[in-house]
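Written below as structure tokens is the structure these notes are about.
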Amino acid sequence: MLPTLKQLRFLIALDEQRHFSKAAKACFVSQSAFSIAIKELESKLQVNLVDRTNRQVTFTEIGSAIVDQARQCMSEVETLVAMAASRQQPLSGRLTLGVIPTIAPFLLPNILPSIQTEFPQLQLYLREEKSQLVYEQLLEGKLDLILVALPYEMKGVVTMPLYRDPFLFACRHNSQWVEDVAEPIDIQDLPDDSVLLLDDGHCLRDHALHACRLNDSEKISRFAATSLQTLLQMVASDIGVTFIPSMARDSLILQGSSIDIHPMPDGSYREIGLAWRKGSKREEEFRMFGSLLQSLHRDSIV
């Protein structure tokens, strides 16, 4: 007898929560019903999937392999449903989109109303995480599609570059770090220990270093921020200067602040792109979604 989709869903929830009570709650069932379903799954497969203690749940080696396969199975079932829905109308039904923090708050509020108007039957679920996390979740089948900044090394996926997002130079008005601001700004004129960046793990840091040709480590400040919002607050306090993506220019962070924005030399940009798993049967839909984002971007800069 084959496992049921419910049992696979419960197993995935148990892997995510690592606690029977929390997993049962996430699946909206009682703990006893949840535990019975996992035991029945182990009986069907004739293997021990988890080691149970009072405090934690540890997956066995075969259990870890099976939960990974369960995710792929559930992803394929969701694709099956999406394929059936797409026969009736493109980009309808459920779509899970991962977006990185240096894109989500600046882009999504502007485009979501248009996406809803263009594809009213689309159920778009969003998850905001760093690049590495959304990439891993894409490969695990937790996400259908990710919106990231390129270049970013990814294997096993198809990428669709959408458009360039130029970097801008940001400093406080009458900053102590800048005497005369030439446009475009000359990075080599900046003093040592003046350039604020996000901390390691944020792709925006790497993109800024590469795109702005910031090869002199002496110019990089010993301080680092955990978010773009914090970074700009530090700039507003004149702790240093920084580089921000163009899409953040009109954000609430900058409105009414003491921060001045200046253009960077040509070639100082990151690229915004979509990525999905190779071999996905929804590739045509994903490219349609990407084309919509490109169109919305063109309209926003006209």
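Structure above, values below:
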| quantity | calculated |
| --- | --- |
| Residue in the stretch 210-229 that is modelled with the lowest pLDDT, counting only those that are more than 22 Å from ILE272 (Cβ to Cβ) and not in a loop (DSSP other than H, G, I, E, B) | SER217 |
| The lone exception for LEU80 - which of (1) surrounded by 13 or more Cβ atoms within 10 Å (Cβ to Cβ); (2) over 24 Å from the mean Cα position of the chain (by Cα) it fails | (1) |
| Leading residue by the ranking (nearest to GLN72 (Cα to Cα)) among those in the stretch 227-285 that are in contact with a helix residue (DSSP H, G or I) (Cβ under 7 Å, 6 or more places away or on another chain) and basic (Lys, Arg) | ARG277 |
| Top-ranked residue of the stretch 197-245 - restricted to ones that are over 25 Å from the mean Cα position of the chain (by Cα) and among the acidic types (Asp, Glu), ranked as farthest from GLN176 (Cα to Cα) | ASP216 |
| Failed criterion for PRO101 (all others in (1) out of contact with any strand residue (DSSP E or B) (no Cβ under 9 Å at 6 or more places or on another chain); (2) closer than 22 Å to GLU140 by Cβ; (3) touching a residue at least 40 places away in the same chain (Cβ under 8 Å) hold) | (1) |
| Qualifying position, being more than 29 Å from the chain's Cα centre (by Cα) and surrounded by 17 or more Cβ atoms within 10 Å (Cβ to Cβ), among VAL50, VAL67, VAL57 | VAL50 |
| Unmet requirement for THR230, which otherwise passes all of (1) free of Cβ contacts under 8 Å to residues at least 12 places away in the same chain; (2) surrounded by 16 or more Cβ atoms within 10 Å (Cβ to Cβ) | (2) |
| Pairs, first within 18 Å of ALA13 (Cβ to Cβ) in the stretch 125-141, second in a helix (DSSP H, G or I) and of a type in the set (Lys, Arg), C-beta under 7 Å, six or more apart | GLU140/ARG71; GLY141/ARG71 |
| Selection status of LEU97, within 17 Å of the chain's Cα centre (by Cα), under 17 Å from PHE286 (Cβ atoms) and part of a strand (DSSP E or B) | yes |
| All strands (runs of 3 or more DSSP E) inside the stretch 231-302 with 3 or more residues being at pLDDT 95 or above | 269-277 |
| Single residue of ILE66, ILE36 found to be touching a helix residue (DSSP H, G or I) at 6+ places or on another chain (Cβ under 9 Å), of a type in the set (Val, Ile, Thr) and part of a helix (DSSP H, G or I) | ILE66 |
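The values are calculated or read from the model by the stated rules, or taken from the named source; none is laboratory data. These numbers come from a predicted model, not from an experiment. As a convention, Cβ positions derive from the backbone with ideal geometry for all residues, glycine included, and neighbour counts pool all protein chains shown.
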